[in-house]
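The values are calculated or read from the model by the stated rules, or taken from the named source; none is laboratory data. Treat the numbers as computed from the prediction; the structure is a model and nothing was measured. Glycine also receives a Cβ, built like all others from the backbone with ideal geometry; neighbour counts cover every protein chain displayed.
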Amino acid sequence: MLFPPRWTGIAALPAMAALVSFFGVSASAAQTNGTVGRFDPGQEIGLPQSTVLLIQPDKLFSESAFGRRVTGDLEAELAVLTAENRRIEAELRAEELDLTERRKTMPAEAFRVLADAFDASVQETRATQEAKYEGINSRFEAARLAFLKASEPVLEQLMIEAGASAIIDRSAVLLAAASADITDVAILRINAVLGEGEAGLSDGQD
């Protein structure tokens with residue numbers, strides 16, 4: 001195979017470690033921020049009164065309007081890259097077959113020069129395509145980080161309303177009441193504030 005397995009869809013991105021393990025902001029400190037954004041209480045899911053709240057960072061991002069937009073944009077880029085990989089691979093395969101045929105009538109030394117040049121071209125092309133994939137992966141990671149940073153004021157406000165002192169990644173908790181998970185209500189609140197994200201923010205830029 002001239003190239004590594006083709007990358008198809010965001011699901012092919014490496015599994016991301018939980019980006020939010022703990023929001024260590026005290027309710028009293030967060031209180032100074034006041035209410036974040038405008039939100040219709042009629043849309044709200046029940047918010048528990050608890051000193052510790054739980055959240056699912058992957059779901060928070062992937063099911064938010066912001067995350068859906070970023071994922072869609074990067075899936076489109078991956079689709080273009082996959083098509084490009086297939087085209088280049090077909091071209092290199094044809095060149096490889098042509099080289100194999102020419103080998104029958106060429107002196108060994110002359111063939112070796114052409115074969116080495118072909119191998120070098122394949123390696124360079126592979127590195128170029130892998131760099132493109134890594135670029136998409138890096139933008140996805142940067143967008144997640146930008147999203148979580150922009151979401152912090154909303155999460156701090158939820159802490160205040162729940163009387164909580166911490167929000168913990170649910171995957172790090174062995175056992176907890178389902179009502180302590182505020183992911184769904186956080187998504188609603190964040191959507192109301194961030195929407196699909198501003199241009200620079202949704203690109204994972206500062």
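Among the residues of the stretch 133-164, those that are over 30 Å from residue 82 (Cα atoms), of a type in the set (A, V, I, L, M, F, W, C) and assigned to a helix (DSSP H, G or I) comprise 150, 154, 155, 158, 159, 160, 162. Taking residue 99 as the residue in question, decide whether it is part of a helix (DSSP H, G or I), of a type outside the set (D, E, K, R) and without any contact (Cβ under 8 Å) to a residue 60 or more places away in the chain. When the stated conditions are applied, residue 99 passes them.
Residues are listed down the side, and each one gets a yes or a no for (1) surrounded by fewer than 18 Cβ atoms within 10 Å (Cβ to Cβ); (2) on the phi < 0 side of the Ramachandran plot:
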residue: 121; (1), (2): yes, yes
residue: 143; (1), (2): no, yes
residue: 150; (1), (2): yes, yes
residue: 181; (1), (2): no, yes
residue: 187; (1), (2): no, yes
residue: 197; (1), (2): no, no
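The numbered conditions (1) surrounded by fewer than 16 Cβ atoms within 10 Å (Cβ to Cβ); (2) at pLDDT below 95 are all true for residue 80 except (2). Residue 89 meets all of the listed conditions (1) surrounded by fewer than 15 Cβ atoms within 10 Å (Cβ to Cβ); (2) under 30 Å from the mean Cα position of the chain (by Cα); (3) acidic (Asp, Glu) but one, namely (1). Just one residue in the set 126, 170 is of a type in the set (Lys, Arg), touching a residue at least 12 places away in the same chain (Cβ under 8 Å) and closer than 17 Å to residue 56 by Cβ; that residue is 170. Identify, from the list 108, 176, 131, the residue that is modelled with pLDDT of 95 or more and either polar (S, T, N, Q) or surrounded by fewer than 16 Cβ atoms within 10 Å (Cβ to Cβ) (or both). Only one candidate passes the filter, namely 131.
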